[in-house]
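Each remark here refers to the structure printed beneath this line.
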Amino acid sequence: MIGAHQWCLNGVEIPFLDARVHPHYGVFSPVRGEYIDLVAHAPLRRSGRTAFDLGTGTGVLAAVLAHRGVDRITATDISPRALDCARDNVRQLGLAARIEVTGPCLFPEGRADLIVCNPPWIPARPTSALEHGVYDPDSTMLHGFLNGLAAHLRPGGEGWLILSDLAEHLGLRPRHQLLTLIETAGLRVVGKIDTGPRHPRATDTGDVLHTARAAEVTSLWRLTST
Ligand SMILES: C[S@@+](CC[C@H](N)C(=O)[O-])C[C@H]1O[C@@H](n2cnc3c(N)ncnc32)[C@H](O)[C@@H]1O
C-alpha cells in the first residue's frame, strides 16, 4: 500500500514528455522507456490527425501522441482505475482539451487516422488486479484489437501494435500465430520497428527468465487494412 502510494505520489519520469506520469494503484506503470520511445519516434503519416489509444493505462501513450502533434486523441481502457488515472494525468499534463478518456471499452465510437495499442504482452490468466496490465488471458485484447482495427481506421490510416516477443521466447505464442492473426483480420504489415531491452532485469543472470529477457525484442508493428 505504501509502495503504491509512493509510486502514485512521485510518478515516473517520461523524458520525451519532459514530465512525470503518476500511476494509480493497480494501473500499469510505464517504467520501461523503450516502448515509449518507439511510439515517440515512429513515422507519422499525415498532419491534422486523429488517434485512438486503446488500453491507455496511465494515459502515457496518448500524451506522447499529443506531444507529437496529433490533434485529437481518444483514450480507452477496460479498467475503471486506469480511466481515472489517465484522466488525472491528462489534466495534470494540460492536455485535457485534446485527449478524451472514455470507457470502459476497447474501441470507442468512430474511426481514427492512427490507432495505437499496447496490450499486455503475456497470454496468461492474471491472478490479481495488479497483473491485468501484464497478462492478457487467451490474448483477448490482442485479438480484439486486430479484429476491430480495419473497421475503425480512416482511409489511409495506420494501426500501431506494441508487442514484445517475450511470449515467443517462453513458448507461449509462436510468431506464426501472430502473423496468422494479422492476416486473418484483413491487415497488412507495412513496417516494424524493433528495440532491445534496457531494463536492469535483462542483464540479471540470476533471474530465472534471464535467457528470455536478454533476447527479448519489443516491436512497433505498423498495420494497415488490406
Ligand atoms: C500493457 S498495459 C498498457 C498501458 C499503457 N497503454 C502503456 O503503454 O503504458 C495494457 C492496458 O490494457 C488494458 N486492457 C486490458 N484488457 C483490455 C481490454 N479488453 N479492453 C481495453 N483495455 C484493456 C489494461 O487495463 C491496461 O491498462
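The values are calculated or read from the model by the stated rules, or taken from the named source; none is laboratory data. Computed from a predicted model, the values in this text were never measured in an experiment. So basically every Cβ, Gly included, is an ideal-geometry build from the backbone, and we count neighbours across all protein chains shown. Ligands, DNA and RNA are excluded from the accessible area calculation, which covers all protein heavy atoms including side chains. Shrake-Rupley method; radii C 1.70, N 1.55, O 1.52, S 1.80 Å.
Quick one: is ILE2 surrounded by 19 or more Cβ atoms within 10 Å (Cβ to Cβ) and free of Cβ contacts under 8 Å to residues at least 60 places away in the same chain? Steps first, answer last, please.
On the way: surrounded by 19 or more Cβ atoms within 10 Å (Cβ to Cβ): no; free of Cβ contacts under 8 Å to residues at least 60 places away in the same chain: yes.
So ILE2 does not fit the description; no.
Test each condition in (1) at pLDDT 95 or above; (2) away from the ligand (no atom under 11 Å from the Cβ); (3) farther than 20 Å from GLU131 by Cβ; (4) open to solvent by 10 Å² or more (accessible area, probe 1.4 Å) for CYS105 and report the one that comes out false.
Against the list (1) at pLDDT 95 or above; (2) away from the ligand (no atom under 11 Å from the Cβ); (3) farther than 20 Å from GLU131 by Cβ; (4) open to solvent by 10 Å² or more (accessible area, probe 1.4 Å), CYS105 comes up short only on (2).
Mind listing whichever residues of the range 31-65 are buried (at least 24 other Cβ atoms within 10 Å of the Cβ), among the small types (Gly, Ala, Ser) and farther than 18 Å from ARG222 by Cα?
Matches in the range 31-65: GLY57, GLY59, ALA63.
Can you pull out every residue in the range 15-37 that is farther than 24 Å from HIS5 by Cβ and within 11 Å of the ligand (Cβ to nearest atom)?
Passing the criteria: only TYR35.
Among the candidates ASP77, ASP88, single out the residue that is within 15 Å of the ligand (Cβ to nearest atom) and in contact (Cβ under 8 Å) with a residue 40 or more places away in the chain.
ASP88
Taking the range 136-150 as the region of interest, how many residues are under 18 Å from VAL190 (Cβ atoms) and surrounded by fewer than 21 Cβ atoms within 10 Å (Cβ to Cβ)?
So the count comes out to 1.
For GLU100, state whether it is open to solvent by 10 Å² or more (accessible area, probe 1.4 Å), away from the ligand (no atom under 11 Å from the Cβ) and either of a type in the set (Lys, Arg) or in contact (Cβ under 8 Å) with a residue 24 or more places away in the chain (or both). I'd like the intermediate steps shown before the answer.
Numbers: open to solvent by 10 Å² or more (accessible area, probe 1.4 Å): yes; away from the ligand (no atom under 11 Å from the Cβ): yes; either of a type in the set (Lys, Arg) or in contact (Cβ under 8 Å) with a residue 24 or more places away in the chain (or both): yes.
Yes, satisfied.
Select, from ALA40, ALA62, the only residue that is of a type in the set (A, V, I, L, M, F, W, C), within 18 Å of VAL90 (Cβ to Cβ) and over 11 Å from the mean Cα position of the chain (by Cα).
Answer to the check: ALA40.
Go through (1) away from the ligand (no atom under 13 Å from the Cβ); (2) open to solvent by 10 Å² or more (accessible area, probe 1.4 Å); (3) closer than 21 Å to ILE14 by Cα and name the single condition ARG111 misses.
Here ARG111 clears every test but (3).
Looking at (1) open to solvent by less than 60 Å² (accessible area, probe 1.4 Å); (2) in contact with a strand residue (DSSP E or B) (Cβ under 7 Å, 6 or more places away or on another chain); (3) under 21 Å from GLY26 (Cβ atoms), which is the only condition SER128 fails?
(2)
I need a count of the residues in the range 142-195 that are at pLDDT below 95 and of a type in the set (A, V, I, L, M, F, W, C).
Residues that pass the stated criteria total 4.
Kindly establish whether ALA40 is in contact with a helix residue (DSSP H, G or I) (Cβ under 6 Å, 6 or more places away or on another chain), within 27 Å of VAL190 (Cβ to Cβ), within 11 Å of the ligand (Cβ to nearest atom) and free of Cβ contacts under 8 Å to residues at least 40 places away in the same chain.
no
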